[in-house]
Each structure stands twice: as C-alpha cells, then as structure tokens.
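A.B. asks: Below is one structure. I have some questions about it.
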Amino acid sequence: MSRAVSRPVLRNSLSVLAATALAAPLVLAAPASAAAGPYTVTPLKVTVRAGDRDCTVDADLYRPADTDEGHPAPAVLTTNGFGGSKTDGSTDAIARAFASRGYVALAYSGLGFGASGCPISLDDPQADGRAARQLVDVLAGTRTADDGTRVDYVTKDGANDPRVGMIGGSYGGAIQMATASVDHRIDALVPLITWNDLSFSLDPNGAGRTRGVSGPVPGAYKYQWTNGFFLMGEAQGLLHPSLDPSRLGGAGCLHFVAPACETKRLLDSGSYPADRTARMVAYARSVSPVSYLKSVKAPTLLVQGQADTLFTLNEATATYRTLTAQGTPAKMIWQAWGHSGGMRNPARGELDLVKGNLETSYVGKRILGWFDRYLHHRKGADTGPAFAYYRDWVTEGPTYATSSAVPGGGQKLYLSGDGKLVDNRRKVARGSREYRNRLLPTSHSEFSPGGLLGLPDLAPYDLDGTYLGWTSAPVAGGPAEVVGAPRVTLRVISPAAERVQNSGDAADRLVLFAKLYDVAPDGTTTLVHRLVAPARVPDVTRKFTVELPGIVHRYEPGHRLRFVIAASDTAYVGNHGVKPVTVTSTPEDTGVLELPVTQGTLR
C-alpha cells in the first residue's frame, strides 16, 4: 500500500485472505503426530517485556516423564514460522519429537502470533530476542510462569544458566540468532531456511554488494512474497478475534510495529529516495542476523533449502562465513526443500520434521548429533562435515555429498556476440545485440507462494526482444555439476538509463534479471529452481558484477547451459520507464560468467 488504508476496507480484504491457503503458516507441512513418548504437556502464560511494552507469551511445556530436580535434562526452545503458532504442525511436532527423546521442550507462539501479545516485530533482537531470553529464565527456574509454575528439571551449567538449544524454520530460524545475540546462555542453534539480511530478502540486488549478500541500494521489490507476509500478519485479528490490545501496531498497520509498516509503505511506493531508503535498509538490517552475528557465540548448524526463492542459499552462506570467520562453531547443510517446494512432500530421505524422522534422514541425524555434542556435552558425538549438499540426481546410495568448504570460483565462460557461451576469449565473436523492456513484465520465473502452497504454476518464459541469452556447447565426456553461486561480470549500454541514473532516486537506475537455464537435447528448458538474480545496475557506464543465487545442479551429457539477462520478471517490480539495453562483445572486452563447477566441464 502506498498510503494508509481504512481499517474496514483492510478487514474486508483480510477476511478473503483468511479463507484462502495463504493464511496458512509459512513453515512446514500439515499437522501430524511426532513419535510418541512418555511426556506431559502443560500450557503456560509468561508475561514479558518486549521492546516498549509488556505482553503475554503463550507457550506449551513438554516434560519427559523421567525428569525431575534430581534427574534434569537439556532443553529445546522452538517457535513458529511466520503466520503460525505454538500449535501448528511443525512447531508442535518439533517439541514432541524432542520431548520423546528425553529433552525438555518449550514451544511458544512468537510475538504477534497465535495467542501471544505484542505486535509483529520481525524477530527484532530487542523485542523478540529479549522476550525469548525471559523464556530462558523460566527454563532456568529463576522466573515463574504467570500461574506460578516453576521449572526445576533442566540441566544447568550455572545458577541461572540452563542448557538450552533452539531449532525452527524460517521466522522460527532467525529468532534463534536474535536470541543468541542477547543471551549467551543459549548453547546450540539449528536455524532452518531463514534469512541473513531482510533488505536483500525482500528487495534483492545481486549487484553492488558491499556487506554479506547486499549493498546500500535496493534491487527489485519481491512484491509477491512480501504482500503474502504482510497480509498474513494483518490477518491475525481475524484469525484470533480476542487479541490482547498489546498486539496493536503503528504507522497505519494493525499488527506490525511502526518501522516495519513504514518499510512496507516505502517498498510499495516504487521510489527509493536516498534518505528514506537509507532508513529502510538500516531498519531491515537491524532485525537481521547481518547486523548482530558478531554477538552470536552459540554453535550453529545452518540448514538452507535449494528450492527457495525467498531466502536463497546465498543468505545462509553469508551467515556461515561470518560465523566461521569470527570463530563461532558453525556448519552448513543445503537440503532439498525450502519455501519454494518440497515442504509438503520431502524428497526421499529428506528431513520431515512433522513426521519426526530424525533418526532416518541425513539432516535429522546431523541435528541429533549437534544437540548430542552441545547439549549433552558428548565430546565424541559426530557433528558431520563443514558443508554438505543434497543431490537430486542421485537415485541410489547417499544423496548428500560433503566438502570442507563451500565451492567458489571455478570455470569461466565468455559471452560471445553471436549468442554463444565459449570457454576461451579467442572464440568470442564480435557483435552487439539489444533488448528492451515493456511497460508490463515479459518474463516469468514463478508465482512466489505457489511452491509453498503446492499450487500449479506456468512454465518460466521470456518473450522475444525483451531478453538476451547465451548458450554453451553440449556437455560432453560426462556430466558437469555446479555447486555454489555463479557470478557474471557485464558491461551494458543504455543511454536512457544513463540519463536518469543520477536522479537522486535509485529506482530510476536500470534493473535486469540474470538467470541460468538447463537446455535438454530436445530443446526443453528448465530454469533451475526458478531462481533469478535481480540487479539494479550501479552505473551503466562501467562494468558491474552480479552474484546469482546458489544452486546444486547437474548438467547431463548433451545438455547445454544457457545464461539469460531479462528486462523484467512477473514476481518482481522492475524498471521505471522503457530502457533499451545493448550488450557488445569483442575478444578483448566481453562479459564473463564464472561457475563453481565441481565435476566435469562446461564449454
């Protein structure tokens, strides 16, 4: 919304939304029972101070039957993904899975969700993180629940230091790092499919990166994902009619804190004036791990999804590199499922938290090993390799490969003037080609929430004249495997963009969308996991580099790799005005695509 909307109109819109699947939590799959075990479940209310107000957190405490003050057990703290609550399928199932394995579990509805109070504050360490810290006090036995319940059966490392791990996905992933940044009593983290920098997640720019995944200038507004989240948040009043007054938001929003509401309004405006944009970026980063990882000391097992256009592999990689560089123990897994697919029906052998298949899935075993090491203090526990990734082409044997580091660099291919990708500058043909954008999007990658909800989607497409593509020779001699984030260095010519790129509004700069296809021998094209890299070109008179989303993909013999830059995408807000683009190639000066090829050769 570019301006405030009357509450009756908004409520009518939200009532329609609440009746649709979009009102479902953006986390895992439908409810199911985890493995049964001897434990009790006790509802708790805990009044906490969060940000500038007091509110009540709604929680459930899962106590294994054989735990007491003389026989304590480590604890696991978990909360919901965006739009969920303590009782949704995955949050309840996580708690049950660990309670049945002898852990004390505390599952709670995050601030602004379920029956918990306070407005939605996007996992802000100063609100959500501090609220979770007060729940850790409950697990320490130094604070009681509102009804006087005291917990005296959690293993302690000190008088007010319970041994506590955290696990959860998406919104329930970032809260772990937010909590660990303000409470060093947290002993282990397992964040799944979550973000590093919300300024990038919601408005990604693959060019001009200066910090982690992003830089100071937004890229292309990811409006479908953002609007889905916003409407889910505002719908909380319809889903839970008797809300605590502490849930009321600010700046024209019903249930979001004022800075989040103002950020949404700026994104919807389609304009990026320097002062307001700087405030937006600063706020989005303040509620993102990128700004507070320096304070996270808890050992962290990062699990990110390959099928994820919301929070890409690049975000987990940025978090992983920051943590390891500062000495925080960290390892990373790139699993199959993410927000864009596989949640409802995980691939063979993949983790399904709703079913609780921890002992029988690769990721589940890694999680159990992580908690064995850092919650049970079993020094011989196997926490696995530094990096592991799922391979969807493996039909027999282990589906995961491992490495001591995330692959980088690799093979270079050059953009030839005749539309070919070649492996040597000497093969580059001289030539120039042009595309131009239209007033409406002419390329399609995805309907963003479709993969999460299991909805059918159109096949990706690019309309002639609105994109440029470069295609490699067929893979020969064996498959070529790409693992990591490709990068391309380009120079484009766009007089229309050059005239306005210094207008003072960053939205006037040229936007393009880079992506990789797999072209089969019969001509069938596949956009790998429907991933694209929006880029707002810093200066069309200079070369620039775009980092594409990380992938794990095998190009089979006979297949070709096609690199495309497109003028638009249906899932994003793109260019202001029509800005024709020309790309010129010569052997001495042409675009370079760098691919992290771990096996085989592309030519």
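A.B. asks: So, Tyr292, is that one touching a Ser or Thr at 6+ places or on another chain (Cβ under 6 Å) and more than 27 Å from Leu452 (Cα to Cα) or not?
C.D. replies: Details: touching a Ser or Thr at 6+ places or on another chain (Cβ under 6 Å): yes; more than 27 Å from Leu452 (Cα to Cα): yes.
Answer is yes for this residue.
A.B. asks: Can you tell me which residues in the stretch 489-506 are within 16 Å of Gly208 (Cα to Cα) and free of Cβ contacts under 8 Å to residues at least 60 places away in the same chain?
C.D. replies: If the condition is that a residue be within 16 Å of Gly208 (Cα to Cα) and free of Cβ contacts under 8 Å to residues at least 60 places away in the same chain, then Gln501, Asn502 are the ones that fit.
A.B. asks: For the stretch 267-282, check the following and say yes or no: at least one residue is at pLDDT 95 or above and farther than 25 Å from Asn502 by Cβ.
C.D. replies: no
A.B. asks: Another one. Give the stretch 378-392 a look and list any residue that's within 22 Å of Gly102 (Cβ to Cβ) and either in contact (Cβ under 8 Å) with a residue 40 or more places away in the chain or not assigned by TED's automatic domain parsing to the domain that holds Asn80 (or both), or say none. Show your work before the answer.
C.D. replies: Just the residues of the stretch 378-392 that are within 22 Å of Gly102 (Cβ to Cβ), to begin with: 378-384.
Within the stretch 378-392, Thr383, Gly384 meet the criteria.
A.B. asks: Return only the number of the condition from (1) crowded, with 19+ Cβ neighbours inside 10 Å; (2) assigned to a strand (DSSP E or B) that Asn575 does not satisfy.
C.D. replies: All conditions pass for Asn575, except number (2).
A.B. asks: Determine the pairs where a residue that is aliphatic (A, V, I, L, M), located within the stretch 424-447, has a partner that is surrounded by fewer than 20 Cβ atoms within 10 Å (Cβ to Cβ) with Cβ atoms under 6 Å apart, the partner being 6 or more residues away or on another chain.
C.D. replies: Close Cβ pairs (under 6 Å, with a partner that is surrounded by fewer than 20 Cβ atoms within 10 Å (Cβ to Cβ)) amount to Val428/Pro587; Ala429/Gly417; Ala429/Asp418.
A.B. asks: Which number in (1) at pLDDT below 95; (2) surrounded by 15 or more Cβ atoms within 10 Å (Cβ to Cβ); (3) farther than 25 Å from Gly523 by Cα marks the one condition that Gly451 misses?
C.D. replies: Of everything listed in (1) at pLDDT below 95; (2) surrounded by 15 or more Cβ atoms within 10 Å (Cβ to Cβ); (3) farther than 25 Å from Gly523 by Cα, Gly451 misses just condition (3).
A.B. asks: Separate question: Which of the strands (runs of 3 or more DSSP E) contained wholly in the stretch 1-97 include at least 3 residues that are among the hydrophobic types (A, V, I, L, M, F, W, C) and at pLDDT below 50?
C.D. replies: Fully inside the stretch 1-97 and qualifying: nothing.
Per-residue answers, yes or no, for (1) aliphatic (A, V, I, L, M); (2) touching a helix residue (DSSP H, G or I) at 6+ places or on another chain (Cβ under 6 Å); (3) not in a loop (DSSP other than H, G, I, E, B):
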site	(1), (2), (3)
Glu498	no, no, yes
Ala507	yes, no, yes
Ala514	yes, no, yes
Asp522	no, no, no
His529	no, no, yes
Pro534	no, no, yes
Pro538	no, no, no
Thr541	no, no, no
Val546	yes, no, yes
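A.B. asks: Moving to a separate point now. Are any of the residues in the stretch 107-129 surrounded by fewer than 24 Cβ atoms within 10 Å (Cβ to Cβ), in contact with a strand residue (DSSP E or B) (Cβ under 7 Å, 6 or more places away or on another chain), at pLDDT 95 or above and more than 20 Å from Val257 (Cα to Cα)?
C.D. replies: no
A.B. asks: Let me ask you something else. Confirm whether Ala282 is in contact with a strand residue (DSSP E or B) (Cβ under 9 Å, 6 or more places away or on another chain), more than 23 Å from Val406 (Cβ to Cβ), hydrophobic (A, V, I, L, M, F, W, C) and not in a strand (DSSP E or B). Can you show your working first?
C.D. replies: Working: in contact with a strand residue (DSSP E or B) (Cβ under 9 Å, 6 or more places away or on another chain): no; more than 23 Å from Val406 (Cβ to Cβ): yes; hydrophobic (A, V, I, L, M, F, W, C): yes; not in a strand (DSSP E or B): yes.
Answer is no for this residue.
A.B. asks: A follow-up question, please. Just to be sure I understand, how many residues within the stretch 334-360 are surrounded by fewer than 24 Cβ atoms within 10 Å (Cβ to Cβ) and either assigned by TED's automatic domain parsing to the domain that holds Gly451 or among the polar types (S, T, N, Q) (or both)?
C.D. replies: So the count comes out to 3.
A.B. asks: Working carefully through the options Gly369, Gly342, find the one that is within 30 Å of Gly228 (Cα to Cα) and small (Gly, Ala, Ser).
C.D. replies: Values: Gly369 fails: within 30 Å of Gly228 (Cα to Cα).
When all the criteria are applied, what remains is Gly342.
A.B. asks: State which residue pairs qualify: first residue without any contact (Cβ under 8 Å) to a residue 60 or more places away in the chain and buried (at least 17 other Cβ atoms within 10 Å of the Cβ) and inside the stretch 224-250, second residue charged (D, E, K, R) and outside any helix (DSSP H, G or I) in any location, beta carbons under 9 Å apart, and separation of 6 or more residues or different chains.
C.D. replies: Pairs found: Thr226/Asp203.
A.B. asks: Could you list, ordered by first residue, the pairs with Cβ atoms under 9 Å in which the first is in the stretch 166-177 and farther than 16 Å from Leu310 by Cα and the second is charged (D, E, K, R) and part of a helix (DSSP H, G or I), at least 6 apart or interchain?
C.D. replies: Ile175/Asp128
A.B. asks: Moving to a separate point now. Considering only residues of the stretch 271-308 that are within 30 Å of Gly504 (Cα to Cα) and of a type in the set (Val, Ile, Thr), which is surrounded by the most Cβ atoms within 10 Å (Cβ to Cβ)?
C.D. replies: Top of the filtered list is Val287.
The values are calculated or read from the model by the stated rules, or taken from the named source; none is laboratory data. Keep in mind that what you see is a predicted model, and the values were worked out from it rather than measured. Every residue, glycine as well, gets a Cβ built from its backbone with ideal geometry; the counts of neighbours run over all protein chains shown.
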